[in-house]
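No lab work stands behind these numbers, since they all come straight from the coordinates. Remember, predicted model here, so these are calculated numbers, not experimental data. With ideal geometry, Cβ positions are generated from the backbone for all residues, glycine too; neighbour counts draw on all protein chains shown.
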Amino acid sequence: MSKYELMYIIGAHVSDDEAPAVAAEVKKFIEASGGIIEKHEELGKRKLAYPIKKARNAFYVQDNFSAPSENINEIEHKIRTSQSIIRHLIVNMDEALVRMEKDRIVQSQMKPRIPRPEVKEKTAAPGGEKKIQIDLDAEIEKALESKDLK
């Protein structure tokens, strides 16, 4: 059985009292399909980044579970057809962890960025504000002489 993470958003048309009942219904979907819920977290009502179906706030829920990979389509179909859930995402955590490890290896092999030029700070007498001064001529010369341009 593979490990999965399910994140879904319950629409604002569902009252705050009914949201836990919808979450319990989703748990039943997963368990009926042979899944085992390892972690269930109700993240509460939050403001959406953009309106979805004319709603600005929604109730967020996250479930971590193990299930046979052949039953994931059935679980997703039941969630998709639910009128209360406006968005959902199921992520296979086994694949995600492998992908993260590959990304970490690639990033460790990447060439580091060119360091930023030195910045000298000076304080002005009247307002006590700091002024930043960079020797642009020296920085241009360094850039022209670097082996990256040749």
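When the chain is treated as a Gaussian network with alpha carbon springs shorter than 10 Å, the biggest mean-square fluctuation among 63, 94, 17 belongs to 17. Taking a spot 7 Å from the Cα of residue 24 along the direction of its beta carbon, which residues of the range 36-62 have an amide N less than 20 Å from it? In the range 36-62, the label zone of residue 24 (backbone N under 20 Å from the point 7 Å along Cα→Cβ) covers 36-45, 59-62.
Compactness of the range 2-106, taken as the C-alpha radius of gyration over 2.2 N^0.38 Å, stands at 1.14.
Once the chain from residue 138 to residue 42 is taken as fully extended at 0.36 nm per residue, the excess over their C-alpha distance is 28.9 nm.
The value of relative contact order for the chain, using C-alpha pairs under 8 Å at least six residues apart, is 28 percent.
Along the range 37-43 the Karplus relation, 6.51 cos²θ - 1.76 cosθ + 1.60 evaluated at θ = phi - 60°, assigns HN-Hα couplings of 7, 9, 8, 10, 9, 8, 7 Hz to successive residues, with x for each Gly and Pro.
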